[in-house]
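Throughout, read-outs are computed from the coordinates displayed, never taken from laboratory work. Source: prediction; values computed, not measured. Heads up, the Cβs are rebuilt from the backbone with ideal geometry, glycines too, and the neighbour counts pull from every protein chain shown.
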Amino acid sequence: MSETEQFDEVAQGDPSDTDFVEHLVEAIRGLAALGRPSTGKDRSRIRVERGLPRTVFSYLAKKKLGIIVPTGKAEDERTLIPEVAELAEEPERLLTYLWERVGMGRGGRRQPSVYVAAIHDVLRAWAAERHLAVETDGRGHILASSRDWKTILWHSLQSEADQWIAPADRHRWVHHMRSSQCFALNLFGPLKLGLPWAAEIWASHFPGATIVEFEYPTAGDPLLEAKPPERLSRTRADVRLDAPSGDTWLVEVKLTEPEFGPCSAGHDPDNELQPTSCRVEFRDLQILQESCYLHRIGRAYFPMLVRPDSLIDPTKLAQHGVKTCPLRQDLYQIIRNLLLVQHIRAKEKRHARFAVVAPSRNLNPSLHEVGGRERDLNQFLRSILKDTKQDAAKFIDFAGVVEMATNRPEPLAQDWGMFMSQRYLAPLAAGRRAVMDTEAKRNNRA
């Protein structure tokens with residue numbers, strides 16, 4: 001996959017934890033630097049120069065965020081709204097503004113700005129203590145150069161990590177300290193190195209796992225998603241784990257994202273089928289398939305969902321789509337991962353399963369609000385599985401694994417546990433405290 005294709009994949013529904021909003025920041029700063037309204041040619045040049053996805057400006061447009069609006073002087077001329085133009089020279093404030101408006105995906109939930117700001121404060125302090133070279137524009141939670149991305153990994157991983165993920169497969173914002181790609185490397189890098197204690201701390205979740213692959217699949221198109229080729233959006237798991245026993249786990253990691261990736265077509269202002277398929281009252285999967293934009297361009301998700309060997313119960317899935325397409329929000333990314341699990345079971349004859357490794361509800365409550373507050377994340381993941389396939393998906397709180405490492409006798413295990421606590425648990429806890437403090441103040445005023 002080329003770099004441009006990778007960036008476009010981020011824009012089409014598989015955002016990393018930081019890519020999407022950072023893309024918007026870069027696009028806005030590029031527009032502001034013009035000092036005048038932009039033409040279509042200007043926006044195309046900014047997109048290419050800054051390595052942005054094709055859809056970034058349509059998302060900023062009036063149909064979606066309303067941040068760039070027509071001037072009325074020329075058909076393709078757009079200008080930034082004043083409040084955003086004023087923020088363009090203050091990337092940290094602009095980032096907070098955008099996070100408040102759009103969160104990380106294009107679905108429904110948003111992280112409170114105080115949550116993100118508190119996390120950034122801790123990450124800036126962490127970077128300063130280690131004398132890391134960071135952005136000088138106020139974004140001290142981002143390294144100044146993407147070439148230095150390995151410096152935010154645990155020290156024992158830094159010499160080999162660049163061999164684990166090819167340059168073309170690295171996220172554009174891998175040097176951002178909230179990068180989910182770096183989070184995956186830090187979580188499973190010790191297991192990739194073959195450290196015995198790493199196998200033991202993960203054993204209760206992934207027994208016998210010895211083979212670790214990041215960004216699976218790195219080649220091929222198992223779900224036939226490159227149709228047409230210019231809309232490549234191949235489903236990937238952050239990590240694939242294999243055991244000699246024939247067990248396989250596909251792992252999705254989440255850090256600060258407020259939700260799982262929604263269907264980009266269902267939120268794309270340029271998708272003319274939204275009113276007729278994405279947003280209408282759900283009636284039947286077959287009818288939905290026939291009218292689905294993604295199905296029309298060649299994605300075979302619906303036929304895979306109803307195959308006899310499918311892990312997913314169509315009747316249960318339909319219960320999530322009373323008002324709109326059941327794949328429009330959180331379930332889109334989850335379903336695609338489960339279809340990839342299904343593919344491995346069918347083609348490789350391995351006992352494949354899906355796992356989400358992420359913060360607990362206490363540290364990232366928004367992520368656990370999928371499908372409504374009545375379910376926990378384990379229940380939600382399994383709410384669409386056939387009764388005989390309930391072991392095919394689960395949630396794992398990474399804090400418990402970190403605690404196990406910290407309490408082990410091996411100095412290296414303790415060191416990794418302390419690193420993960422400082423690198424991830426402390427910032428998340430600060431974000432959660434900031435939200436609770438804000439809520440308490442609001443309640444007191446009421």
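Brief remarks on what is shown
- Using the Karplus relation 6.51 cos²θ - 1.76 cosθ + 1.60 with θ = phi - 60°, the per-residue 3J(HN,Hα) values for the range 410-425 come to 6, x, 5, 5, 4, 5, 5, x, 5, 4, 5, 5, 6, 6, 10, 5 Hz, with x marking Gly and Pro.
- Difference of contour (0.36 nm per residue) and Cα-Cα distance, Asp76 to His351: 93.7 nm
- Overall form of the range 154-225: oblate. Here a/c, set by the Cα gyration tensor axes a ≥ b ≥ c, is 1.5 or more, and a/b is not larger than b/c.
- Max mean-square fluctuation residue, GNM over the chain, Cα-Cα springs under 10 Å, options Lys192, Lys389, Lys347: Lys347
- Split the chain at each of the GluC sites (Glu not before Pro) in a DSSP loop with at most 11 other beta carbon atoms within 10 Å, and the longest piece is 76-271.
- For the chain, adding -39500 (n - 2.57) for each run of n ≥ 4 DSSP H residues and dividing by the number of residues yields -12000 deg cm²/dmol at 222 nm.
- Applied to the range 397-402, the Karplus parametrisation 6.51 cos²θ - 1.76 cosθ + 1.60 on θ = phi - 60° returns per-residue 3J(HN,Hα) values of 7, 5, 4, x, 5, 4 Hz, with x for Gly and Pro.
- Computed lengthening from Arg307 to Arg45, 0.36 nm per intervening residue step minus Cα-Cα distance: 89.8 nm
- Extension gain, Ala203 to Glu160, is 13.1 nm, computed as 0.36 nm per intervening residue step minus the present C-alpha separation.
- Dipole check for the range 316-372: with +1 at the C-beta of Lys and Arg, -1 at the C-beta of Asp and Glu, and the Cα centre as origin, the magnitude is about 300 Debye.
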